[in-house]
1. Quick one: what pairs do we get from the range 186-197, first residue farther than 12 Å from Lys129 by Cα, second charged (D, E, K, R) and surrounded by fewer than 15 Cβ atoms within 10 Å (Cβ to Cβ), C-beta under 8 Å, 6+ apart or different chains?
2. Looking only at the range 145-161, count how many residues are under 17 Å from the mean Cα position of the chain (by Cα) and either open to solvent by less than 30 Å² (accessible area, probe 1.4 Å) or without any contact (Cβ under 8 Å) to a residue 24 or more places away in the chain (or both).
3. Taking Trp73 as the residue in question, decide whether it is surrounded by fewer than 16 Cβ atoms within 10 Å (Cβ to Cβ), among the aromatic types (Phe, Trp, Tyr) and out of contact with any Ser or Thr (no Cβ under 9 Å at 6 or more places or on another chain).
4. Does the range 167-181 include one or more residues that are at pLDDT below 95, of a type in the set (Ser, Thr, Tyr) and more than 20 Å from Glu19 (Cα to Cα)?
5. Looking at Lys111, is it open to solvent by 10 Å² or more (accessible area, probe 1.4 Å) and modelled with pLDDT under 90?
6. If we keep just the residues of the range 1-43 that are assigned to a strand (DSSP E or B) and β-branched (Val, Ile, Thr), which is surrounded by the most Cβ atoms within 10 Å (Cβ to Cβ)?
7. Any residue at all in the range 88-101 that is touching a His at 6+ places or on another chain (Cβ under 7 Å) and not hydroxyl-bearing (Ser, Thr, Tyr)?
Amino acid sequence: MKILIINSGMRSGTTLLQEQLCSNRLASLFSIVNMGEGISLTDENSYNASVDKLVNSDNWCCKLFFLEGMDDWYAPEKIVYTLNPTLLINSYREDTFDQFLSLQVSYYNDKWNSTEKLEYKNFTSTNVKNDIITFKSNLKIYNDTLNRLKKDFDVKHIAYEDLISDTNKSTFAKSFVKQNTKEEKMKLINNIDEVIEHWKDLKL
């Protein structure tokens, strides 16, 4: 069993999803190993070595980021075909603005996931327009890629919002603590009005 979780970028719930998948009954039956970010982004040699390791292994769950602006050797769409996973999962957020806010808050505070509630500081987003253009462009390219992958793979879709819904709160509480609501994230950004304005104006 090879489980590959793909996503348009960060902050779509992949870490939580991996933990849940690797602790459920099916994973226990197959002894699924949580590989985390098992595909290296450091350099071409470590990238090739990490992909080869997955190709020659079985019973793992790994995440794969579709990020634009990387070196030519990083080709996530090609990796999917190379790994030929048993189960291919599209991990996403229904609320893409919330995903963008989460990325901003994590980036400026350098805090990502935790089993406890963390303290966050207010900040000013310094490159709002370009950050939004990059985020939305990456999302569009990812969705186009996803449509191609659907022709060759039975892609399962799991939304972040479903992972943290009321029916899953007990499971969520055992692993990671949700750090900030959408409203709390917005209050952390000093120039949130500028962020909202550009988000509405920039349509790709």
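The values are calculated or read from the model by the stated rules, or taken from the named source; none is laboratory data. Since the structure is predicted, the reported quantities are computational estimates derived from the model, not experimental observations. Cβ sites come from the backbone with ideal geometry, for glycine too, and all protein chains shown count toward neighbours. Heads up: the accessible areas ignore ligands, DNA and RNA and are worked out on the full protein's heavy atoms, side chains in. Shrake-Rupley method; radii C 1.70, N 1.55, O 1.52, S 1.80 Å.
1. Once the first residue is farther than 12 Å from Lys129 by Cα and sits in the range 186-197, its partners that are charged (D, E, K, R) and surrounded by fewer than 15 Cβ atoms within 10 Å (Cβ to Cβ) give Leu188/Lys121.
2. Number satisfying all stated conditions: 5.
3. The answer is yes for Trp73.
4. Checked against the condition, which is being at pLDDT below 95, of a type in the set (Ser, Thr, Tyr) and more than 20 Å from Glu19 (Cα to Cα), the range 167-181 yields at least one hit.
5. So Lys111 passes the test.
6. This residue is Ile6.
7. Yes - at least one qualifying residue is present in the range 88-101.
Matching residues to (1) open to solvent by 10 Å² or more (accessible area, probe 1.4 Å); (2) farther than 18 Å from Arg11 by Cα; (3) of a type in the set (Phe, Trp, Tyr):
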| position | (1), (2), (3) |
| --- | --- |
| Asn45 | yes, yes, no |
| Asn48 | yes, yes, no |
| Lys53 | yes, yes, no |
| Asp58 | yes, yes, no |
| Leu64 | no, no, no |
| Leu67 | yes, no, no |
| Lys78 | yes, yes, no |
| Thr82 | yes, yes, no |
